[in-house]
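Here the structure comes first, spelled out in structure tokens, and everything after it is commentary.
The values are calculated or read from the model by the stated rules, or taken from the named source; none is laboratory data. Remember, predicted model here, so these are calculated numbers, not experimental data. Every residue, glycine as well, gets a Cβ built from its backbone with ideal geometry; the counts of neighbours run over all protein chains shown. Heavy atoms of the whole protein, side chains included, go into the accessibility calculation; ligands, DNA and RNA do not. Shrake-Rupley method; radii C 1.70, N 1.55, O 1.52, S 1.80 Å.
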Amino acid sequence: MFGTLSRSLFVQSRTVPCIMAETREEETASAEASGFSDLSDSELVEFLDLEDAKESTASVSKPGPSSELPGKDDKPVSVQNWKNGLDVLSPMERFHLKYLYVTDLCTQNWCELQMVYGKELPGFLTPEKAAVLDTGASIHLAKELELHDLVTVPITTKEDAWAIKFLNILSMIPTLQSEGRIREFPVFGEVEGIFLVGVIDELHYTSKGELELAELKTRRRPMLPLPAQKKKDHFQVSLYKYIFDAMVQGKVTPAGLVHHTKLCLDKPLGPSVLRHARQGGFSVKSLSDLIELVFLSLTLSDLPAIDTLRLEYIHQETATVLGTEIVAFEEKEVKSKVQHYVAYWMGHREPQGVDVEDAWKCRTCDYVDICEWRKDRGALSSSLEPNAKKSK
Ligand code: SF4
């Protein structure tokens, strides 16, 4: 991903007018609005996961147990391999992943097998879905530009990419301290043995002075989502809170970060990254300096934990607010779901498709024609009939 020149986005506060003037023309309206590999709108999740998966597929094509993975026109072999006991690598190893995105787990919440197919068979992104992605990304970008400018920073290494995350965090902490509003706040931390990375859509304070996480969901049709979609959204914002709280409470450590991400602390940062760090007022020479600064700022800034979780659904075309929801944070439930999902990633169980009562999800699934779960469960095929029983 970073072998060739890539770009990442640095959030530029409007409280630094000289830099804003210099960088205005560099602003970009790409789908990478967050500056990272994922966006926080769960409706964009599956599409972005497919994009991420292209990289994974390139990796799994290397010689090894997974090298027999066929192309998109053929049947994937992973599920069958599991049944035959042929998979000796866990999915984390097979996909060459060091950590997961929050969005990976949210897609699992929708249909785990669909997420797996997305990783193995990227390229199923239809023009229609790409259009939805573009519109959703544009709305998010517009929201983000209401608060700050975006500066495109050329990067060449994963260390540069993480340095941009850290610079964004450092630039947003003072705003949070002064009870301001921020958007696209990067979060990372270990949950149930796995390292998760994500981006919080928005953080602000309510009139009661509570720190509120607000997640914007754009809807193609002017109606609220079904309960299953809401469930996935509830899980997503709960995970963000879990990770953010751990970060500000000092439960995420530099050692844990480096252990999971395998970042090379001694690798020199790119000149553009260093220049933007200087312009932001951060005197750092290496990634190690930056990591130290970020963790000190996170723990010494006295930032509160997130008090409330709010979801807002808006219609893409008209920008009409369709509804808002306050989500109750259930820590036990979040942890137990993560444990279940992580068991798949660690290779402790096979991936699962949807239950019979959720078979309607298959209607819009790109993998319905090749889905082994569906084929193996005749009940799923006839599950649209009334009174269908649960298949597992
Ligand atoms: Fe999941 Fe259904 Fe798609 Fe199979 S067809 S991956 S069970 S949503």
With the charge dipole of the range 227-266 built from beta-carbon charges (+1 for Lys and Arg, -1 for Asp and Glu) about the Cα centre, the Cα from MET247, LEU263, ALA228 projecting farthest to the positive end belongs to ALA228
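Under unit Cβ charges (Lys, Arg +1; Asp, Glu -1), what dipole magnitude, rounded to 20 debye, does the range 175-255 have relative to its Cα centre?
Numbers: 12 positive and 11 negative charges, 108 e Å.
So the magnitude is around 520 debye.
What accessible area per residue comes out for the range 152-236, rounded to a whole number of Å², with a 1.4 Å probe? Mind showing how you got there, number by number?
Values: 2710 Å² over 85 residues.
Solvent-accessible surface per residue comes out at 32 Å².
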Whole-angstrom Cα spans of the range 163-248 along principal axes, big to small: 37, 37, 25
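Give, rounded to the nearest 20 debye, the magnitude of the charge dipole that the range 181-317 has about its Cα centre when Lys and Arg contribute +1 at Cβ and Asp and Glu contribute -1 at Cβ.
Numbers: 18 positive and 17 negative charges, 98 e Å.
Roughly 480 debye for the range 181-317.
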Past 24 Å, Cα to Cα, is the threshold; run LYS230/LYS262; LYS98/LYS361; LYS232/LYS262; LYS232/LYS335 against it and keep the listed order. LYS230/LYS262; LYS98/LYS361; LYS232/LYS262
Which is farthest toward the positive dipole end of the range 278-367 among SER288, THR308, LEU298, measuring Cα position about the Cα centre, with Cβ charges +1 (Lys, Arg) and -1 (Asp, Glu)? SER288
Can you give me the long-range amide H partners of GLU215? Hydrogens built in the peptide plane at 1.01 Å from N, cutoff under 5 Å, separation of 5 or more residues or another chain. ARG310, LEU311, GLU312
Arranged from highest to lowest average of other beta-carbon atoms within 10 Å per residue, in what order do the peptides 160-169, 206-215 appear? 160-169, 206-215
